[in-house]
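Structure record follows, encoded as structure tokens.
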Amino acid sequence: MTAKTKEPAGERGGEAGQVRPRAFRAFVASQFLGAFNDNAFKMLVLLLVAGLAAGRDTLPWVEASWAARTWGQAAPAFLFALPFVVLGPLTGALADRVSKTRIVRAANLLEVVVMGCGTLAFLGRSYDGLLVTVLLMGAQSALFGPAKYGIIKELVGGPRLARANAVIQASTMIAILCGNVVGGTFAERLGGQLLPWAGAWYMTFAALGWLASLAIPVLPPAAPERKISLNPVRELVGHLRAVRGDRVLGLALAGSAFFYAVAALFVSVVVAYGTWLGVPESRIGLLNAAIILGIVVGALVAGRVGRRSEALGLAPLGLGVMLLGTLLVHLDPASLVALRSALFLIGVGAGLFSIPVRVLVQGRPREGDRGSIQGLGETLDFVGILLAGPVFWVLEKGLGLGPPGLFLAGSVLLACALAVCLTLGPRALSRSAPPRAS
């Protein structure tokens, strides 16, 4: 039986260029609300414990937590990332076996339950309960991720994949920024007895995301006959086999993991730089607005000009722009204007780099492997995020680098990545098989 006869008519239309605009808009709304909610909740949890590290007064029930006193902001960051590494191979395989629409809906409904747990933690004044909620939130997001990135091509088709990813990337960045602002507002204005009201708002946002997901049509599963092993290591090995022989896809996955590692590293670098410049703590988070705005601009540009065949050409351009941004700060290291300009330029480069890489990861795998590859990519991305913490510790504590030195270390990393991309990219493209048919 040919691939054409096996593929549902709706899917053939999507690949040929027939778009489901209403379904895609519903999907964008659903993932926007999910990203907004996650970041608003995480920001609130981080700010509740930030006062301990700064020696300021904080809520007694936060100070009573051993995890808060011992690990500070590292605890929620680690707990959120951990499920992506552990569950990514399993949730990726599940996205191939089960309809991605059903997974998206289930993940959004699960978020309502998770936010309910967070509300109970606020009511019980338990910071450890909030950490458990962050862990559950990471597991829910790990379930959502492979289906989220795997369904985009099924909704818009291959020719519009770059533009659709630009919309997703831009809306996600805006959601992150809005979530950080709302989380900070809740932390500032809803102290003590009023914090449960924040939980009620989070449950409302999650419910709205679930309602939006109901407008996405139920798409057929890509590989309903697929067997799933409950051993994540075995599933991970199987996903790696699906990449074997496709050097472009392997390079794209490695590039994505590197990108997320550098992005997580620079989150810490920006906080350290803002503190070094004497920026008030309440405004350090706003420094991220410059980089988020840059990512939106870079993503939209990449969505306009990017196609799968041009992806490896845009990727080194993005790395080059990011490298230029890290060097720009050295023109006047003590200038806040120079820092914001540098962060904006880094964001533009990040958008130019991430969109074509994401298009390759989504568009190149076979239809029956797409969810698995997204799960593999998610696992590798969050391994990079987890490694960013130790790398930052080595640079700051081990090597004693100040904020300008940390930027210079980032320049070295990006220069090495650019050299690898320019060397291996064209070679991989010339030796690899053509993109696999969906």
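The values are calculated or read from the model by the stated rules, or taken from the named source; none is laboratory data. Here the structure is a predicted model, which is why all the values come from computation and not from measurement. Positions of Cβ are generated from backbone atoms using ideal geometry, with glycine treated the same way; all protein chains shown enter the neighbour counts.
For the range 146-197, which residues satisfy the criterion of being under 20 Å from L352 (Cβ atoms) and either among the hydrophobic types (A, V, I, L, M, F, W, C) or in contact with a Pro (Cβ under 7 Å, 6 or more places away or on another chain) (or both)?
Result: I152, L161, A162, A164, A166, V167, I168, A170, M173, I174, I176, L177.
Residues in the range 41-50: is at least one of a type outside the set (D, E, K, R) and at pLDDT 90 or above?
Keep residues of the range 41-50 that are of a type outside the set (D, E, K, R), which gives 41, 43-50.
From the residues that got through so far, the ones that are at pLDDT 90 or above too are 41.
The answer is yes, given that some residue of the range 41-50 is of a type outside the set (D, E, K, R) and at pLDDT 90 or above.
Can you go through T119, T91, T58 and tell me which one is touching a helix residue (DSSP H, G or I) at 6+ places or on another chain (Cβ under 6 Å) and within 26 Å of I216 (Cβ to Cβ)?
Working: T119 fails: within 26 Å of I216 (Cβ to Cβ); T58 fails: within 26 Å of I216 (Cβ to Cβ).
So the residue among T119, T91, T58 that is touching a helix residue (DSSP H, G or I) at 6+ places or on another chain (Cβ under 6 Å) and within 26 Å of I216 (Cβ to Cβ) is T91.
Yes or no: A187 of a type outside the set (V, I, T), surrounded by fewer than 24 Cβ atoms within 10 Å (Cβ to Cβ) and under 24 Å from L380 (Cα atoms)?
no
Can you find even one residue in the range 226-243 that is closer than 30 Å to L418 by Cβ, crowded, with 18+ Cβ neighbours inside 10 Å and among the acidic types (D, E)?
no
Considering the range 205-224 alone, what residues qualify as being out of contact with any Ser or Thr (no Cβ under 6 Å at 6 or more places or on another chain), surrounded by fewer than 22 Cβ atoms within 10 Å (Cβ to Cβ) and under 19 Å from F24 (Cβ atoms)?
L208, W210, L211, L214, A215, P217, P220
Is it fair to say N180 is modelled with pLDDT of 90 or more, assigned to a helix (DSSP H, G or I) and either touching a Gly at 6+ places or on another chain (Cβ under 6 Å) or not assigned by TED's automatic domain parsing to the domain that holds Y202 (or both)? Lay out the reasoning, then the answer.
Working: modelled with pLDDT of 90 or more: no; assigned to a helix (DSSP H, G or I): yes; either touching a Gly at 6+ places or on another chain (Cβ under 6 Å) or not assigned by TED's automatic domain parsing to the domain that holds Y202 (or both): yes.
It is false that N180 is modelled with pLDDT of 90 or more, assigned to a helix (DSSP H, G or I) and either touching a Gly at 6+ places or on another chain (Cβ under 6 Å) or not assigned by TED's automatic domain parsing to the domain that holds Y202 (or both).
Mind listing just one residue for me: the one in the range 190-204 that is hydrophobic (A, V, I, L, M, F, W, C) and either at pLDDT 80 or above or not in a helix (DSSP H, G or I) (or both) and, of those, surrounded by the fewest Cβ atoms within 10 Å (Cβ to Cβ)?
Residues of the range 190-204 hydrophobic (A, V, I, L, M, F, W, C): 190, 194-195, 197-198, 200-201, 203.
From what is left, the residues that are either at pLDDT 80 or above or not in a helix (DSSP H, G or I) (or both) are 190, 195, 197-198, 200-201, 203.
Details: L190: 17, L195: 21, W197: 14, A198: 23, A200: 12, W201: 18, M203: 19.
Checking each candidate, the answer is A200.
Are there any pairs with C-beta distances below 8 angstrom linking a residue in the range 114-129 that is among the basic types (K, R) to a residue that is in a loop (DSSP other than H, G, I, E, B), with the two at least 6 apart or on different chains, and if so which?
R125/L59
Quickly run through the range 387-421 and pick out the residues that are in contact (Cβ under 8 Å) with a residue 60 or more places away in the chain and farther than 12 Å from L323 by Cβ.
So in the range 387-421, the residues in contact (Cβ under 8 Å) with a residue 60 or more places away in the chain come out as 387-389, 391-392, 396, 402-404, 406-408, 410-411, 413-415, 417-418, 421.
If the condition is that a residue be in contact (Cβ under 8 Å) with a residue 60 or more places away in the chain and farther than 12 Å from L323 by Cβ, then L387, A388, G389, V391, F392, E396, G402, P403, P404, L406 are the ones that fit.
Of all residues in the range 322-351, count the ones that are surrounded by 15 or more Cβ atoms within 10 Å (Cβ to Cβ), of a type in the set (V, I, T) and more than 13 Å from G410 (Cα to Cα).
Total satisfying the criteria: 1.
I want to confirm something. Restricting to the range 300-318 and keeping residues that are more than 20 Å from the chain's Cα centre (by Cα) and more than 17 Å from L253 (Cα to Cα), which single residue is modelled with the highest pLDDT?
The qualifying residue modelled with the highest pLDDT is L317.
Out of all the residues in the range 148-165, is one or more at pLDDT 85 or above, in the same structural domain as D96 (by TED's automatic domain parsing), of a type in the set (S, T, Y) and assigned to a helix (DSSP H, G or I)?
Checked the range 148-165: no residue is at pLDDT 85 or above, in the same structural domain as D96 (by TED's automatic domain parsing), of a type in the set (S, T, Y) and assigned to a helix (DSSP H, G or I).
Rundown of residues vs (1) in the same structural domain as I151 (by TED's automatic domain parsing); (2) surrounded by 20 or more Cβ atoms within 10 Å (Cβ to Cβ); (3) modelled with pLDDT of 95 or more, yes/no style:
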site	(1), (2), (3)
V86	yes, no, no
P89	yes, yes, no
A93	yes, yes, no
D96	yes, yes, no
V104	yes, yes, no
V113	yes, no, yes
G118	yes, yes, no
R125	yes, no, no
D128	yes, no, no
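Can you name the residue in the range 244-264 that is in contact with a Phe, Trp or Tyr (Cβ under 9 Å, 6 or more places away or on another chain) and small (G, A, S) and, of all such residues, is surrounded by the most Cβ atoms within 10 Å (Cβ to Cβ)? Give the steps one after another, and end with the answer.
Of the range 244-264, the ones in contact with a Phe, Trp or Tyr (Cβ under 9 Å, 6 or more places away or on another chain) are 255, 257, 259-260, 264.
Next, from what is left, pick out any that are small (G, A, S): 255, 257, 264.
Values: G255: 27, A257: 20, A264: 22.
Looking at residues that are in contact with a Phe, Trp or Tyr (Cβ under 9 Å, 6 or more places away or on another chain) and small (G, A, S), I get G255.
So T70 fits all but one of (1) at pLDDT below 85; (2) closer than 28 Å to T172 by Cα; what number is the exception?
Exception for T70: condition (2).
Just to check your reading of the model, which residue among A257, A252, A263, A242 is within 16 Å of the chain's Cα centre (by Cα), over 30 Å from K397 (Cβ atoms), of a type in the set (G, A, S) and outside the structural domain of L46 (by TED's automatic domain parsing)?
A252 is the lone residue from the list that is within 16 Å of the chain's Cα centre (by Cα), over 30 Å from K397 (Cβ atoms), of a type in the set (G, A, S) and outside the structural domain of L46 (by TED's automatic domain parsing).
Has the range 131-143 got at least one residue that is in contact with an Asp or Glu (Cβ under 7 Å, 6 or more places away or on another chain), within 29 Å of F344 (Cβ to Cβ), modelled with pLDDT of 80 or more and part of a helix (DSSP H, G or I)?
Yes, because at least one residue in the range 131-143 is in contact with an Asp or Glu (Cβ under 7 Å, 6 or more places away or on another chain), within 29 Å of F344 (Cβ to Cβ), modelled with pLDDT of 80 or more and part of a helix (DSSP H, G or I).
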